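What follows is calculated from the coordinates using simple rules that are stated; it is not laboratory data. Bear in mind the structure is a predicted one, so any value in this text is a computation, not a measurement. Here Cβ is always computed from backbone atoms with ideal geometry, including for glycine, and neighbour counts include all displayed protein chains.
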Amino acid sequence: MENLTLFNEGRIKTTVELEKFAKLEEKIKVIVAEKVSLKKQIQTLEDTLKSKEAELEGVNGKLKALDEERNSVRARVDSLLDLIADVDLSK
């Protein structure tokens with residue numbers, strides 16, 4: 001009878017150990033799935049960042065062109081104002 005009790009206790013211990021192992025296995029699977037998900041999120045964010053950087057570069061280029069155009073117009077207006085001032089002085 002004692003051998004049967006030891007055998008049953010051994011089965012219970014084995015079952016508990018298998019349950020613990022199954023829980024550990026499930027936790028590892030969850031962690032791996034989270035890692036895969038996070039890698040996908042990182043890639044998406046990196047792609048978005050690259051896109052926004054390219055967009056920003058384009059906007060900065062347009063801004064520079066507009067500044068140059070404004071300076072050109074300002075110079076032309078100043079030139080015209082000088083001509084008008086010269087005409088008024090010659091009267």
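Report the one residue of Leu63, Leu80, Val30 whose Cα lies farthest in the direction of the positive end of the charge dipole of the range 26-89 (charges on C-beta: Lys and Arg +1, Asp and Glu -1; origin at the Cα centre).
Ranked along the dipole, the leading option is Val30.
If I model a spin label at Val30 and Asn71 as a point 7 Å from the Cα along the Cα→Cβ vector, what separation in nanometres do I get?
Here the answer is 6.1 nm between the modelled labels.
Which value, to two decimals, describes the C-alpha radius of gyration of the range 52-91 once divided by 2.2 N^0.38 Å?
1.94
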